[in-house]
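Trainee: Mind having a look at this structure? Questions to follow.
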Amino acid sequence: MKIISESDQTFQCDITAPCFVYLAENEVEFIRKSKTMVAFRKGENLTKQGAFASYVLFIIDGVVKQYIEGDITKSHNLRIFKTGEFVGLSAIYN
């Protein structure tokens, strides 16, 4: 995981995504000021099953696999999140 600042060359602020179109200007500004952009590597875990996370992720590019761990050799895929979708980490295992 790498936190990306606005001065970083890889910084992207995708507030122009379709899901943000209906927000008022003050709401867009609030999101711009309170967001943190984070880059994850392929295969990196975003959260652990049973852990509480008080945030949501908006996927700018790539896919996220949601799964639950089974026995030692198995995991069960629940969903694939794609570019432009939100992932609400606290609730995905409920």
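The values are calculated or read from the model by the stated rules, or taken from the named source; none is laboratory data. Note that the structure is a prediction, hence the values are computed from the model and not measured. Neighbour counts run over all protein chains shown; Cβ positions are idealised from the backbone, glycine included.
Trainee: Filter segment 39-55 for residues that are within 23 Å of residue 75 (Cα to Cα) and modelled with pLDDT of 80 or more and give the result.
Mentor: Filtering segment 39-55 for residues within 23 Å of residue 75 (Cα to Cα) gives 40-53.
Answer for segment 39-55, where residues must be within 23 Å of residue 75 (Cα to Cα) and modelled with pLDDT of 80 or more: 40, 41, 42, 43, 44, 45, 46.
Trainee: Quickly run through segment 20-34 and pick out the residues that are within 15 Å of residue 60 (Cβ to Cβ) and surrounded by 13 or more Cβ atoms within 10 Å (Cβ to Cβ). It would help to see each step written out before you state the result.
Mentor: Going through segment 20-34, the residues within 15 Å of residue 60 (Cβ to Cβ) turn out to be 20, 31-32.
Scanning segment 20-34 gives 20, 31.
Trainee: Looking at (1) at pLDDT below 85; (2) under 16 Å from the mean Cα position of the chain (by Cα), find the lone condition where residue 77 falls short.
Mentor: (2)
Trainee: May I ask you to list the residues in segment 49-64 that are surrounded by 10 or more Cβ atoms within 10 Å (Cβ to Cβ), part of a loop (DSSP other than H, G, I, E, B) and either touching a Pro at 6+ places or on another chain (Cβ under 6 Å) or at negative phi (or both)?
Mentor: Of segment 49-64, the ones surrounded by 10 or more Cβ atoms within 10 Å (Cβ to Cβ) are 49, 51, 53, 55-64.
The next check asks that each one be part of a loop (DSSP other than H, G, I, E, B); those that pass are 49, 51, 53, 55, 59-63.
Selection gives 49, 51, 53, 55, 59, 60, 61, 63.
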